[in-house]
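Below you'll find the structure, written out as structure tokens, and then a few comments.
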């Protein structure tokens with residue numbers, strides 16, 4: 001099932017031009033200097049932990065009955081202890097239940113990915129820390145009622161740091177999680193768990209050359225239970241390449257694809273989306289010597305054939321990246337991320353639409369005119385008709401951060417941009433957004449006082 005979401009780590013990016021290159025770098029059109037209207041959610045729910053340190057909801061999901069759930073962390077301090085935080089809400093914003101999960105060694109535990117199954121259970125994936133300070137992948141499942149069903153811990157073969165990046169549920173209720181095992185020089189890992197018991201069905205590591213490493217950041221499952229993963233893999237020839245692999249439902253490798261940029265530098269994938277057609281979109285970035293970093297979008301058939309490859313160059317030798325990808329009902333691809341202005345203004349939010357054939361329909365880069373400051377998109381929602389909502393963070397001035405949402409119609413016209421600095425007006429962060437609650441369900445955190453961040457989740461109207 002595709003009913004899940006996760007937070008993603010963002011890179012930064014750049015500027016101006018036109019051209020729909022076939023496989024080369026398209027250059028950006030002039031950026032839109034936008035006035036952002038203050039505007040908060042229709043409702044929001046706050047969670048304040050007992051330690052008054054750092055609480056945040058990092059990812060959200062819409063459940064089959066229309067209710068909503070979010071996951072994140074409630075920390076007792078900023079480094080050593082904390083619990084996984086998960087909550088369920090109705091579509092009107094009433095909290096149905098709130099849960100915290102404390103790992104077996106009572107150290108720092110957190111979750112950054114969430115999914116649901118057909119029964120409305122809530123499944124989260126994250127990391128738990130042992131007394132030896134090694135991290136393990138953890139998956140926890142709660143029933144729709146809030147009853148804890150099971151938790152499962154995966155400790156990689158080297159017993160070093162392991163971390164989850166994404167989670168999804170197949171049509172039979174089995175849980176798939178991906179990430180990495182073995183710390184910075186470890187290996188990408190995919191683990192399949194029985195949805196009823198949490199027992200491990202299989203685990204697969206992404207092997208590398210001696211001295212190499214790999215990491216998986218995104219995961220998708222098709223209707224037949226095949227698993228698609230993407231991330232980075234490094235060997236001796238280049239620092240890292242874009243890595244994409246398909247596994248059968250039984251864990252057998254069906255195909256593997258790698259993309260190495262022309263300068264053989266740091267390349268990687270950050271997001272996946274299965275599209276009508278069917279097809280697989282892979283979003284990420286390629287590093288170059290002359291242009292800094294170009295945003296990248298790949299389209300594959302489910303058999304692994306590359307249909308086309310497109311890159312985006314902001315034009316100022318900065319860092320451009322596609323951080324999120326989503327499709328409309330016809331399979332047209334929308335990608336959102338960040339475009340570096342080269343110091344002219346802050347980073348710009350980047351949103352581009354490509355047709356199923358790879359033609360660039362339109363591209364929009366956006367910055368905050370009021371503060372001449374950054375806009376960074378981290379999440380994306382696209383309707384069947386092709387309307388797009390990009391979400392992230394901007395600077396509201398005076399070092400005050402604001403959660404930001406923008407809406408574009410199918411033709412690429414921006415219809416509104418709204419920012420919210422939290423209930424006290426002293427900073428808010430948007431970590432994730434999904435469709436839900438009759439609008440856009442957003443998860444994040446805001447400043448509640450000196451040194452105190454509270455978790456918030458809410459719905460913005462479309």
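The values are calculated or read from the model by the stated rules, or taken from the named source; none is laboratory data. Keep in mind the model is a prediction, meaning the values are calculated, not measured. Heads up, the Cβs are rebuilt from the backbone with ideal geometry, glycines too, and the neighbour counts pull from every protein chain shown.
Couple of notes before you dig in:
- Within the stretch 416-446, the set of residues being closer than 18 Å to residue 55 by Cβ and out of contact with any strand residue (DSSP E or B) (no Cβ under 8 Å at 6 or more places or on another chain) is empty.
- Complete set of residues in the stretch 407-428 that are closer than 16 Å to residue 378 by Cα and surrounded by fewer than 21 Cβ atoms within 10 Å (Cβ to Cβ): 407, 418
- Filter pass, residue 85 being crowded, with 22+ Cβ neighbours inside 10 Å, in contact (Cβ under 8 Å) with a residue 40 or more places away in the chain and under 26 Å from residue 451 (Cα atoms): yes
- Any hit, the stretch 297-304, residues being over 22 Å from residue 394 (Cα atoms), free of Cβ contacts under 8 Å to residues at least 40 places away in the same chain and not in a strand (DSSP E or B): yes
- Among the residues listed as 24, 60, 34, the single one being within 26 Å of residue 336 (Cβ to Cβ), crowded, with 22+ Cβ neighbours inside 10 Å and either out of contact with any helix residue (DSSP H, G or I) (no Cβ under 8 Å at 6 or more places or on another chain) or modelled with pLDDT of 85 or more (or both): 60
- Residues located in the stretch 360-390, provided they are assigned to a loop (DSSP other than H, G, I, E, B), at pLDDT 95 or above and either buried (at least 24 other Cβ atoms within 10 Å of the Cβ) or touching a strand residue (DSSP E or B) at 6+ places or on another chain (Cβ under 9 Å) (or both): 383, 386, 387
- Residue check for residue 158: in contact (Cβ under 8 Å) with a residue 40 or more places away in the chain and outside any strand (DSSP E or B): no
- Some residue of the stretch 169-183 being free of Cβ contacts under 8 Å to residues at least 40 places away in the same chain, closer than 30 Å to residue 98 by Cα, within 24 Å of the chain's Cα centre (by Cα) and outside any strand (DSSP E or B): no
- Residue in the stretch 439-461 that is in a loop (DSSP other than H, G, I, E, B) and surrounded by 24 or more Cβ atoms within 10 Å (Cβ to Cβ) present: no
- Counting the residues of the stretch 63-81 that are surrounded by fewer than 24 Cβ atoms within 10 Å (Cβ to Cβ) and at pLDDT 95 or above gives 5.
- Selection within the stretch 102-123 - more than 13 Å from residue 66 (Cα to Cα), surrounded by fewer than 21 Cβ atoms within 10 Å (Cβ to Cβ) and in contact (Cβ under 8 Å) with a residue 24 or more places away in the chain: 104, 105, 106, 107
- Failed item, numbered, when residue 196 is tested on (1) more than 25 Å from residue 255 (Cβ to Cβ); (2) surrounded by fewer than 24 Cβ atoms within 10 Å (Cβ to Cβ); (3) in contact with a strand residue (DSSP E or B) (Cβ under 7 Å, 6 or more places away or on another chain): (3)
- Flag if residue 147 is out of contact with any strand residue (DSSP E or B) (no Cβ under 9 Å at 6 or more places or on another chain) and farther than 18 Å from residue 195 by Cβ: no
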